[in-house]
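Notes follow once the structure below has been shown.
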Amino acid sequence: MIDLNKIDHDFIWHPCSQMKDYEENPSILIDKAKGVWLYKKNGEKILDAISSWWVTCFGHGNEYIKNKIKNQIDKLEHVLYANYTHEPSIILAKHLSTLFDNKLSKVFYTDNGSSSVEVALKMSYHYWYNMGKSKKKVFVYLKGAYHGETLGALSVGSIDTYKKIYNPLLPETIEVKGPDCYRCPFQLNREKCNAECFNEVKDLFEKRHENIASIIVEPIVQGAAGMCIYSPQYLKKLRKICDNYDIHLICDEIATGFAKTGKMMATHHADIVPDFVTVSKAVTGGFLPLAAVLTSKKIYDAFYGKYEDMKAFMHSHTYSGNPLACAAGCAVFDMFNKEDIVKNNIEKGKYIRDNVLSLMEHPNIGEIRTIGIITAIEIVKDKKSKEKYDWKKRIGYKIYRNAEKKGVMLRNLGDILYFLPPFIINNKEIDFMTDVAKYSILEILKDV
Ligand SMILES: *Cc1c(COP(=O)(O)O)cnc(C)c1O
């Protein structure tokens, strides 16, 4: 019999990994999956507590999505998307345009999250260029931001692990101190504050607005930073100041979109309309890669004109608007239209939170924060000062690996563990997930 693990080890370079770690922990070979469960060949199963990087929101192997893709594959698998079009992409664009009440009714498809961030940044700069304001070319981002790993997306990211080494390659951008609610410098509470931390952006925009094209944010939850939740007041203020200074607001909803945060889109918490919104991840229920940039007719019109005017947005990705991926996207919207998934997710989120809240008694659990179906547990060295453990200790990673042995895939973000399970998870599965998580956390913390 062929040894797949050996071939994997010999030939494959996995993402976001120090490959030497695989000597001790070889990649886990998943044979099939259903609902919240990943199955190995030998029948052992692992609960997918983070929807495989926040995508498989309707569960693995969802029959409805699967059938929609099957029907599509019999008709049309792909066609180039310049000058050509097809039904699934048209219907999906209609659905996507409803997300912001038809105010962001222009849909530009790409095939992964990072590339949609690149598109939003390029469109923003290009818009100002077409408007005769080519000095507006600097992008601003928040501390803690994550927007993907291609060079443009990385230039507006703030996490050293992914970015630091590449700094010399990146275009000029500005990092601004954003909300940091667990360690709030004003000692305020994110539920009641008035985004007092907003002054940093205000000062920057006052000084530099003539050069700033846009600011990009992850609305309400900074995902990769550790599911850091902040006040909608911040976004409200941002919308206002962006209008005052002619600066675009880009909301990157790649992680937060589609009912994960207690609203269909996280931006809805602030009741504002950005200039650009990027979506990906859950949009296909994790079946196929797809992303899109949503923008307004106002932006679109600035690119509209005779070919010779050279105003067009000449950007493309080969798999833009792939029909199979769009069919999956249409199926996802059908499911949102059938059920109140937002409400169900809020209830599940509460249930998860109640299950783990007793951990707060532990001296090394700093915060347990919940929004929608997301709950994050932040581990600290010192509860009072909120000091973190030395990252080299890899506490979060050890907990993730420990829980995996007990049947739950709980991938860490630094020393933060979190739950973002498929929406179809039931209470019994939640109990198993949280029991294993609690036990695994306590077990590792005992030996620190
Ligand atoms: C995952 C993610 C991206 C990047 O998407 P990829 O498909 O991995 O390129 C960008 N922004 C946010 C907020 C994300 O969570």
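Computed from the coordinates by the stated procedures, all read-outs in this text should not be read as laboratory data. Note that the structure is predicted; figures quoted are calculated from it, not measured. Positions of Cβ are backbone-derived with ideal geometry, glycine not excepted, and every protein chain shown enters the neighbour counts.
Data table
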{"item": "For the stretch 363-448, the Rg and Dmax computed from alpha carbons only, in angstrom", "result": "12.7, 38"}
{"item": "Pairwise label distance in nanometres, ASP340 with THR85, each label 7 Å out on the Cα-Cβ vector", "result": "3.5 nm"}
{"item": "Helical segments meeting 15 Å axial Cα length and Kyte-Doolittle 0.5 threshold in the chain (DSSP H)", "result": "323-338"}
{"item": "The stretch 1-104: chymotrypsin sites (Phe, Trp or Tyr not before Pro) in DSSP coil with no more than 15 other Cβ atoms inside 10 Å", "result": "TRP13, TYR84"}
{"item": "The chain, helix-only ellipticity at 222 nm - DSSP H runs n ≥ 4, -39,500 (n - 2.57), divided by all residues, nearest 500", "result": "-10500 deg cm²/dmol"}
{"item": "If the convex hull is drawn through the Cα atoms of the stretch 311-412, its volume per residue in Å³", "result": "248 Å³"}
{"item": "Projected area, mean over directions - the stretch 20-144, Cα convex hull, nm²", "result": "13.4 nm²"}
{"item": "Binned Cα-Cα distances of the chain, short to long, each 20 Å bin given as a whole percent", "result": "24, 58, 18, 0"}
{"item": "For the stretch 280-353, Kirkwood radius (reciprocal of mean inverse C-alpha pair distance, Å)", "result": "15.5 Å"}
{"item": "Charge context of GLU367, other residues only, Cβ under 11 angstrom, K/R +1, D/E -1", "result": "+4"}
{"item": "Distance (nanometres) between label positions extended 7 Å along Cα→Cβ at ASP160 and LYS298", "result": "4.0 nm"}
{"item": "Cα-derived Rg to Rh of the stretch 18-64, Kirkwood definition", "result": "1.05"}
{"item": "Debye equation applied to the C-alpha atoms of the stretch 213-291, log10 I(q)/I(0) at 0.17, 0.21, 0.27 Å⁻¹", "result": "-0.63, -0.92, -1.32"}
{"item": "Length-normalised contact order for the chain - Cα pairs under 8 Å, 6+ apart - percent", "result": "20 percent"}
{"item": "Contour minus Cα-Cα distance for ASP203 and TYR129 (0.36 nm per residue)", "result": "24.2 nm"}
{"item": "Bridge type composition, the chain - antiparallel percent by DSSP, nearest 5", "result": "65 percent"}
{"item": "Selected from TYR182, ILE241, ILE254, residue furthest toward positive end of dipole (the stretch 147-303; charges at beta carbon)", "result": "TYR182"}
{"item": "Paramagnetic label zone (point 7 Å from Cα along Cα-to-C-beta, ILE2; backbone N under 18 Å) in the stretch 18-59", "result": "27-32, 41-42"}
